[in-house]
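The structure under discussion appears below in the form of structure tokens.
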Amino acid sequence: MLRRTIALVGGVIVLILFVLLVRGCLDARKENAIKDYSTDSADLLRASKLEGDQLFKLLQGEGGTDQATSIINQLNAYRVESSELVDRGEQLDVPGDLKGAQSSLLEVLELRRDGFADITDALRVALGDQDRREGSDKVATQMQVFLASDIVDTQRFRRQLFDVLRAENLPAPALPRNGFVPDIEWLQPDFVADQVNALRTGTGGGGEAAPGLHGNGVAGVTLGGVALAPGVGASVQLSEDLAFEIQVQNQGENTENDVVVRVTVGDGGDADTQEETIDTIAAGELKTVTIPLTKQPPTGQNVPIKVEVEPVPGEQKTDNNTQESSVIFTR
């Protein structure tokens, strides 16, 4: 009887030790799987951040028309690399506790892949001869996509990953400290347009404007066929198709590109500002820009009118870039 008892107790002990051994092995396997996933996912995000750094360095380069093909080729390379990162992400071994984090990681990488694809197509247009403004606007739109990837990364992926790591008492991996979008100014369409224009014209990267005089001026303004003179009032009858006709002259020695012409009707909180862009204006050339009157102004009173031609790189004399007058609108 004693022997049976001893044998039974021994068997129980062996069973307990076996269970503990198996559980320890399973825990170790789970811990190693989480560690491996944490390391591999961090590697992917660091590689993605490096692509982003290269992209924004390219966008701030000197550029130039002779560099357009090279720029697009570099973008296509980033486009391929970002797609490969998605493929690598899909092949990760994902522990059950990290399924949610994996879904967020793939969303981050897919947003950046799609952003690279669209920004490559947009820059191909923006660096060309036609529809440059449209291409520039699409580049700015993709900055919002990249920002969305940063939000998913920090607010979803990292939180889900860190929750699991804390539960298992495991260290966090070395993740990129800064977001894919390096600065909030890249979310501003006007800033992006300036960068793209500098890239196209070869004045980016802190490069100097071409030698010689630069500058445009307001050569004349009419509204509904009525000439508006500087500092002088005029009377204009309202109609459905009323529009400003603004003559802009290149008074420098260089061809200028993407010249912004702006009209502000009224002042204060009631002011309405509209603008158009002259793609290219040669030295000495006179071009007319049409800007419709889009907002109904008050009638029977003087309404301030301000016409501006935005200075171009290298322009030093800007006193002729603005014309101010007033109009009394009638019915």
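Computed values, structure above
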| quantity | calculated |
| --- | --- |
| The chain: angle of helix 158-167 to the longest principal axis, Cα-based, in degrees nearest 10 | 20 |
| Out-of-range pairs (alpha-carbon distance over 29 Å; input K57/K287; K287/K317; K295/K317) | K57/K287; K295/K317 |
| Helix 132-152 vs. the chain, principal-axis angle (Cα, 0 to 90°, nearest 10) | 30 |
| Karplus (6.51, -1.76, 1.60) ³J(HN,Hα), θ = phi - 60°, over the range 68-81, in Hz, Gly and Pro reported as x | 4, 5, 4, 5, 5, 4, 5, 5, 4, 5, 5, 4, 5, 4 |
| Cβ-Cβ FRET estimate between E81 and D36, R0 fixed at 22 Å, reported to 0.05 | 0.45 |
| Set K30/K99; K138/K306; K35/K99 screened for pairs whose C-alpha atoms are more than 22 Å apart | K138/K306 |
| Length added when fully stretched, I184-L213, from 0.36 nm per residue minus Cα-Cα | 7.1 nm |
| The chain: angle of helix 189-201 to the longest principal axis, Cα-based, in degrees nearest 10 | 80 |
| Charge dipole magnitude, Cβ of K and R +1, D and E -1 - the chain, Cα centre, debye nearest 20 | 2140 |
| Angstrom value of the Kirkwood radius, inverse mean 1/r, which spans all Cα pairs in the chain | 24.5 |
| Relative contact order (%) - the range 18-201, alpha-carbon pairs under 8 angstrom, separation at least six | 32 |
| Mean projection area, nm², convex hull over Cα of the range 18-201 | 10.6 |
| Cα-projected label distance for D319 with T280, points at 7 Å along beta-carbon direction, nm | 3.3 |
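Here, each number is a calculation from the coordinates, and none is a lab measurement. Treat the numbers as computed from the prediction; the structure is a model and nothing was measured. We place every Cβ from the backbone using ideal geometry, glycine too, and count neighbours over all the protein chains shown.
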